[in-house]
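Visitor: Right, I'll just put the structure down here and ask away after.
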Amino acid sequence: MPDVMRAAVLRAPHVVEVAEVPVPTIANPTDVIIRVERTAICGTDLHPYEGRLEVEPDIVLGHEFLGTVVATGDAVGQFSDGDRVVSSCVVSCGSCYQCRRHQPGNCAGSRIFGLGLALGDLAGGQAEYVVVPNADLTARRIPDAGTADDARFDEDILFAGDIMTTGYEAVARSMRPGDTVAVVGAGPVGLCAAMTASALGAGQVIVVDRVDTRLKEAENQGAITVNADQVEPADAVLDLTDWRGADVVVDAVGHESALLSAISLVRAGGTLSIPGVYTEDAITIPFGELYLKGIKVEMGVSHITEYMDEVIALTVAGRLRPSSIITHRMGLSEAAEAYRMFEACEATKIILDPGR
């Protein structure tokens, strides 16, 4: 491996620079080093980019990536040099009380790539190389593509490390076959949640957003779409559900306005599932409505490693095709422009090639 590599570095809010930084090294016997072949910009990356999550200067961004193992620690048992793997965006210990209860997102030692010291001080994957800690738990070997196009299959599997699995969990933990599922926000996680609902047998899937291109992609997946600038979402969902409301509503945005909309869509006794990321200390919600309607709320950091294997299996079977939401394929050298486009909603999902 070389001594230095290119990486997308956050210099300050709204200032991303592709710079040369030292190539990482094995720090613990459970680490592997991956040569990154594909990485992506996630909505969560916008939190430090926009300054809503305070991070120290010059962090390497990114937590969605896959690639080839080029070095392994002495205690790694699942992988060898040359294996192609996809990594969970979240690293957990695997042995604490929360992990033993299959809730790794609540691990006291939970760490997330590329989000700074407060979230584990892990360099991100928008780089040519990245260290994956606790690799036997954190990573998964990429299956053979079989008859699928290799490049397209890689793009599908890339999202098993975050958005596809996040969207999958948000629906799978709450939905029964035949349910009406409403998704607020047709960004990447919302589209993956809608895709999951269809794959798991929802009676109907409703997607709410304001961006026409994102609503069009939801329509391509077979969802009923509601443009919140043109129609009151609560009225539309009531019309589609005999005035009950949706059985499951997913807030895939992580903003107070989206949460208020989502609450209005849930039927009495239904479930509100919140994979959208909230960093505010407090927000105003109609708690009385939640109480009187008896709404169950599911939320929190996703338990990625608990669901990755299911997502990969369904992807191999062709039932989940998250690469369909990719709108732009760019080189790592274009990271600054890619972040600008993503923040401006000029792109639904951008993947970056560290080789360019």
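The values are calculated or read from the model by the stated rules, or taken from the named source; none is laboratory data. Model, not experiment: these values are computed from the prediction. Neighbour counts are summed over all protein chains in view; Cβ atoms, including those assigned to glycine, are modelled from backbone coordinates with ideal geometry.
Visitor: Can we say ILE263 is crowded, with 21+ Cβ neighbours inside 10 Å, part of a helix (DSSP H, G or I), among the hydrophobic types (A, V, I, L, M, F, W, C) and touching a residue at least 60 places away in the same chain (Cβ under 8 Å)?
Guide: It is false that ILE263 is crowded, with 21+ Cβ neighbours inside 10 Å, part of a helix (DSSP H, G or I), among the hydrophobic types (A, V, I, L, M, F, W, C) and touching a residue at least 60 places away in the same chain (Cβ under 8 Å).
Visitor: Taking the criterion of being farther than 20 Å from GLY187 by Cα and buried (at least 19 other Cβ atoms within 10 Å of the Cβ), would at least one residue in the stretch 278-286 satisfy it?
Guide: no
Visitor: Which is within 16 Å of SER273 (Cα to Cα), among the small types (Gly, Ala, Ser) and modelled with pLDDT of 95 or more, of ALA194, ALA199?
Guide: After ruling out the rest, the residue left standing is ALA194.
Visitor: Can you say whether GLY77 is within 20 Å of the chain's Cα centre (by Cα) and assigned to a loop (DSSP other than H, G, I, E, B), as far as the supplied structure shows?
Guide: Spelling it out, it is not the case that GLY77 is within 20 Å of the chain's Cα centre (by Cα) and assigned to a loop (DSSP other than H, G, I, E, B).
Visitor: While we're on this one: I need a count of the residues in the stretch 101-127 that are buried (at least 23 other Cβ atoms within 10 Å of the Cβ) and at negative phi.
Guide: 8
Visitor: Right, another one. Given ARG329, ARG319, which one is in a loop (DSSP other than H, G, I, E, B) and basic (Lys, Arg)? Spell out how you get there, then give the answer.
Guide: On the way: ARG329 fails: in a loop (DSSP other than H, G, I, E, B).
When all the criteria are applied, what remains is ARG319.
Each row is one residue, and each column tells you yes or no for (1) within 21 Å of ARG356 (Cβ to Cβ); (2) out of contact with any helix residue (DSSP H, G or I) (no Cβ under 8 Å at 6 or more places or on another chain).
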| residue | (1), (2) |
| --- | --- |
| ASP74 | no, yes |
| PHE79 | no, no |
| ASP83 | no, yes |
| GLY109 | no, yes |
| LEU117 | no, yes |
| GLU155 | yes, no |
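Visitor: Among the residues of the stretch 327-340, count how many are at pLDDT below 95 and among the hydrophobic types (A, V, I, L, M, F, W, C).
Guide: The total comes to 0.
Visitor: Restricting to the stretch 36-71, give me the number of residues that are touching a Phe, Trp or Tyr at 6+ places or on another chain (Cβ under 6 Å) and under 23 Å from ILE142 (Cβ atoms).
Guide: Residues that pass the stated criteria total 5.
Visitor: Hand me the list of helices (runs of 4 or more DSSP H) wholly inside the stretch 88-188 holding 2 or more residues that are in contact (Cβ under 8 Å) with a residue 60 or more places away in the chain and touching a Pro at 6+ places or on another chain (Cβ under 7 Å).
Guide: 163-172
Visitor: Starting from residues that are small (Gly, Ala, Ser) and within 12 Å of ALA246 (Cα to Cα), keep the ones in the stretch 177-191 and report whichever is surrounded by the fewest Cβ atoms within 10 Å (Cβ to Cβ).
Guide: Of all residues in the stretch 177-191, those small (Gly, Ala, Ser) come to 178, 182, 185-187, 190.
Subset that is within 12 Å of ALA246 (Cα to Cα): 178, 182.
Numbers: GLY178: 10, ALA182: 36.
Taking the candidates together, the pick is GLY178.
Visitor: Oh, and also: Across the stretch 332-356, which residue is nearest to the chain's Cα centre (by Cα) among those that are part of a loop (DSSP other than H, G, I, E, B) and not acidic (Asp, Glu)?
Guide: Filtering first and then ranking leaves LYS349.
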